[in-house]
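Asks: One structure, pasted below without further comment.
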Amino acid sequence: MKKYDVFICYSRHDAETALKICDRLERAHVTVFSDAFSLIGSEDFAYGITDAIINSQCLLYLHSEYSIQSNWIRKEIEYAIKKGLQVIPVNLNGFRSDDTYIRKILYNRMWLDYDRAASDCNEQFEMLVNHVLSAVNQNRISRDSSKKGAQNPSDVDSIPPGKKNTSMSSV
């Protein structure tokens, strides 16, 4: 059973954005579960998803016109909440839908924005990544504290505000 820092929940239509986020988080030494990249073809899909959620620290949900149509995504979010995972919702490409079921169950969360067409898309992307890194660090400190009785320094890299990652292309 593999442990993950982040379970990324998204529609296949948003796979390009999900891949970009996964790549950036993995470069910061964050273990990411994504069904398209983490499940083995012969593995029981439902079991693999359930096991990955149980073994993750937080769930990153990419909210789009496509994700709200998926029953799988709804079940993943519900299960993550039931298991006590921190859920980080992100509005993709300016999509907002206050009347959806998912939006209603995540009403008390801080929603981030990532719009690839926005003039500040790189800043939005880095804010999203740094928010996830912060959540991962908090979860690691809490986990380490409960095991050892003391806080350990974080081993997750982050980019300080104002610094740009020149290896990342604009989406």
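The values are calculated or read from the model by the stated rules, or taken from the named source; none is laboratory data. These numbers were taken from a predicted model, which means no experiment stands behind them. Don't worry about glycine lacking a Cβ; one is built from the backbone with ideal geometry, like all the others, and counts go over all protein chains shown. We work out accessible area using only protein heavy atoms, side chains counted, and drop any ligands, DNA or RNA first. Shrake-Rupley method; radii C 1.70, N 1.55, O 1.52, S 1.80 Å.
Asks: So is Asp98 exposed (fewer than 15 other Cβ atoms within 10 Å of the Cβ) and under 15 Å from Leu133 (Cα atoms) or not?
Replies: no
Asks: Something else about it: Name every residue in the stretch 108-127 that is under 22 Å from Glu16 (Cα atoms) and either open to solvent by 70 Å² or more (accessible area, probe 1.4 Å) or assigned to a helix (DSSP H, G or I) (or both), in order of residue number.
Replies: Arg116, Ala117, Ser119, Cys121, Asn122, Glu123, Gln124, Phe125, Glu126, Met127
Asks: For the stretch 84-98, indicate whether the set of residues that are of a type in the set (Lys, Arg) and either in contact with a Cys (Cβ under 9 Å, 6 or more places away or on another chain) or closer than 16 Å to Tyr10 by Cβ (or both) is non-empty. Give the derivation first.
Replies: If we filter the stretch 84-98 for residues that are of a type in the set (Lys, Arg), which is where we start, we get 96.
Now narrow it down to the ones that are either in contact with a Cys (Cβ under 9 Å, 6 or more places away or on another chain) or closer than 16 Å to Tyr10 by Cβ (or both): none.
Taking every residue of the stretch 84-98 in turn, none turns out to be of a type in the set (Lys, Arg) and either in contact with a Cys (Cβ under 9 Å, 6 or more places away or on another chain) or closer than 16 Å to Tyr10 by Cβ (or both).
Asks: Can you say whether Ile105 is surrounded by fewer than 16 Cβ atoms within 10 Å (Cβ to Cβ), farther than 19 Å from Ala18 by Cα and at pLDDT 85 or above, as far as the supplied structure shows?
Replies: Numbers: surrounded by fewer than 16 Cβ atoms within 10 Å (Cβ to Cβ): yes; farther than 19 Å from Ala18 by Cα: yes; at pLDDT 85 or above: yes.
Spelling it out, Ile105 is indeed surrounded by fewer than 16 Cβ atoms within 10 Å (Cβ to Cβ), farther than 19 Å from Ala18 by Cα and at pLDDT 85 or above.
Asks: Give me a count of the residues in the stretch 50-87 that are touching a His at 6+ places or on another chain (Cβ under 9 Å), among the small types (Gly, Ala, Ser) and either closer than 20 Å to Val30 by Cβ or open to solvent by 10 Å² or more (accessible area, probe 1.4 Å) (or both).
Replies: Residues that pass the stated criteria total 0.
Asks: Given (1) at pLDDT below 95; (2) under 20 Å from Val129 (Cβ atoms); (3) not basic (Lys, Arg), identify the lone condition not met by Gly84.
Replies: (2) is the only condition that Gly84 fails.
Asks: May I ask you to say which residue of Tyr47, Tyr10 is open to solvent by 10 Å² or more (accessible area, probe 1.4 Å), of a type in the set (Ser, Thr, Tyr) and within 14 Å of the chain's Cα centre (by Cα)?
Replies: Values: Tyr47 fails: within 14 Å of the chain's Cα centre (by Cα).
When all the criteria are applied, what remains is Tyr10.
Asks: Tell me the residue from Leu106, Leu62 that is of a type outside the set (S, T, N, Q) and under 12 Å from the mean Cα position of the chain (by Cα), please. If you could, list the steps in order and put the result at the bottom.
Replies: On the way: Leu106 fails: under 12 Å from the mean Cα position of the chain (by Cα).
Just a single option satisfies the conditions, and that option is Leu62.
Asks: Restricting to the stretch 134-154, count the residues that are surrounded by 12 or more Cβ atoms within 10 Å (Cβ to Cβ) and either touching a strand residue (DSSP E or B) at 6+ places or on another chain (Cβ under 9 Å) or at pLDDT below 90 (or both).
Replies: Looking only at that region, the number is 13.
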